[in-house]
Amino acid sequence: MRKKISIIGAGNVGAATALWVARKELGDVVLFNRTRGLAEGKALDIKESSPVDGFDLAIAGTDRIEDTTESDVVVLTAGMPRQPGMSRSDLLQMNAAIISAVCVQIATTSPNAVLIVVSNPVDAMVHVAAKATSFPRHKVIGMAGILDSSRFRTFIALELGVSVEDTNAMVLGGHGDFMVPLPRHASVGGIPVSDLLPEDRIAALIERTRKGGAEILALEKVSSAYYAPAAAAGQMVEAVVKDKKRVLPCVAHLQGEYGIHDLFMGVPALIGANGVERILELRLNASEFDALQKSADAVREQVACFGDQTLHTPSPDLQSPASFGHG
Ligand SMILES: NC(=O)c1ccc[n+]([C@@H]2O[C@H](COP(=O)([O-])OP(=O)(O)OC[C@H]3O[C@@H](n4cnc5c(N)ncnc54)[C@H](O)[C@@H]3O)[C@@H](O)[C@H]2O)c1
């Protein structure tokens, strides 16, 4: 029995995620958009690439949410993207209404699904999705850290003229201006970047990572990034449907880890069939810890914008948090 993966929103990120998931044959795909014809057209276009690309699965486009029934994974990309000059926070109210309405429906049509939220501002939207579905919190995850880390890895590779495949990096915290790239945990072939690059160059790469989305938006003007976001969302889908137990930086619900309570935010998490199966605590130094608390404050501010968001859902049944990494 193949897994059923539904993608809500057939815009740039949604369609690119559908293509990524299809090419990897992760399961049958349903692409949903409220605009009649759009998702059907994208799905048909992807299907027509399958004889050439050599993948074979069912891929359907629809404007009927019922067609997503009994999905194993639902990826939420519906909403408005950022326009030039618009902050992620400007999107808050607009996208909260969209995500909330869709999630209420998903809760009845796919009550056992793992939700992967992409829509921005993503940390707050994960909170909205958890509230609207009342799903156990470990089954509601956000995509940000994989993308931010991938951007950091790309810039390190470009700077050093090495393969991106040999780079490693970790970005924590809220997605956006308060993200927390951790240069101490960035390496190339196991060698810390601090041994390979001077401090000012590392600082410049961090700044470029922080502004990674804005850089693309400024170049393209009419659309924001979607290839890298789709690959990042796809990697999360793969971790869930293949129960891979990947350790990936994702927006997960914190209950005291990193000294943060009752907040969804980017941390390294073990992702498998049950969604977030464990949260991993890196040993942070004082300035990293402070940066993460500032990031948490920024996310809390966004969540506070849309009134009472108290979660009454079951707590994740996670194993006790583990520590790893350098002290
Ligand atoms: N988390 C991240 O790192 C990250 C990265 C990139 C983009 N994003 C966010 O992902 C979202 C999608 O970006 P995009 O570039 O694909 O935008 P887009 O405008 O291309 O696509 C959004 C789609 O959602 C659809 N939509 C709107 N309301 C809907 C509803 N109620 N039901 C179903 N579909 C609905 C629109 O018709 C549109 O097709 C944005 O919020 C963007 O900011 C997040």
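The values are calculated or read from the model by the stated rules, or taken from the named source; none is laboratory data. Fair warning: this is a prediction, and the values are worked out from it, not measured in the lab. Neighbour counts run over all protein chains shown; Cβ positions are idealised from the backbone, glycine included. Keep in mind that these areas ignore ligands, DNA and RNA; they rest on the heavy atoms of the full protein, side chains included. Shrake-Rupley method; radii C 1.70, N 1.55, O 1.52, S 1.80 Å.
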Legend entry - DSSP-defined beta bridges in the chain - what % are antiparallel, rounded to 5: 50 percent
Inset, instruction - On each of the three principal axes of the Cα atoms of the chain, give max minus min coordinate, whole Å, ordered largest first. - result: 52, 47, 40
Inset, instruction - Obtain the nm distance between the two label points defined at Ala218 and Asp90 by a simple spin-label model: each point lies 7 Å from its Cα along the Cα-to-C-beta direction. - result: 1.6 nm
Legend entry - Interatomic Cα distance distribution for segment 221-261, bins of 10 angstrom, percent: 23, 36, 30, 11, 0
Inset, instruction - Return an integer: the convex hull volume of the alpha-carbon atoms of segment 194-255, in Å³ per residue. - result: 169 Å³
Legend entry - Cα centroid of segment 34-101 to Cα centroid of segment 114-190, whole Å: 21 Å
Legend entry - Cα-based helix-to-principal-axis angle, 227-241 vs the chain, degrees rounded to 10: 80 degrees
Inset, instruction - Can you tell me what the convex hull of the Cα atoms of segment 122-250 projects to on average, as an area in nm²? - result: 8.9 nm²
Legend entry - Kirkwood hydrodynamic radius (C-alpha pairs) into Stokes-Einstein, segment 1-67, 20 °C and 1.002 mPa s, D in µm²/s: 188 µm²/s
Inset, instruction - Please list 62-71, 274-283, 259-268 highest first by mean number of surrounding beta-carbon atoms within 10 Å per residue. - result: 259-268, 274-283, 62-71
Inset, instruction - Relative to the longest principal axis of the C-alpha atoms of the chain, give the angle of the C-alpha long axis of helix 199-210, reported between 0 and 90° and rounded to the nearest 10°. - result: 20 degrees
Inset, instruction - Place the peptides 213-222, 181-190 in order of packing, highest mean first, counting for every residue the other Cβ atoms within 10 Å and averaging per peptide. - result: 181-190, 213-222
Inset, instruction - Please state the charge dipole magnitude for segment 1-160, taken about the Cα centre, from unit charges on C-beta atoms (+1 on K and R, -1 on D and E), reported in debye and rounded to the nearest 20. - result: 340 debye
Inset, instruction - Compute the Rg/Rh shape ratio of segment 165-205: radius of gyration over Kirkwood radius, all on alpha-carbon atoms. - result: 0.99
Inset, instruction - Give the calculated FRET efficiency between Val164 and Lys24 to the nearest 0.05, with a Förster radius of 22 Å applied to their Cβ-Cβ distance. - result: 0.75
Legend entry - Per-residue ³J(HN,Hα) for segment 32-42, Karplus 6.51 cos²θ - 1.76 cosθ + 1.60, θ = phi - 60°, Hz, x for Gly and Pro: 10, 9, 6, 7, 4, x, 4, 5, 4, x, 5
Inset, instruction - Using 0.36 nm per residue of separation minus the Cα-Cα distance, give me the extension gain between Tyr227 and Val247 in nm, one decimal. - result: 5.0 nm
Inset, instruction - Output the direction-averaged projected area (hull surface divided by four) of the convex hull of the alpha-carbon atoms of segment 1-155, in nm². - result: 9.8 nm²
Inset, instruction - Quick one: angle between helix 122-133 and the longest Cα principal axis of the chain, in degrees between 0 and 90, rounded to 10, please. - result: 40 degrees
Legend entry - Accessible area of the chain belonging to carbon and sulfur atoms, whole % at 1.4 Å probe: 52 percent
Legend entry - Expected 222 nm ellipticity per residue - DSSP helices of 4 or more, -39500 (n - 2.57), all of the chain, to 500: -13000 deg cm²/dmol
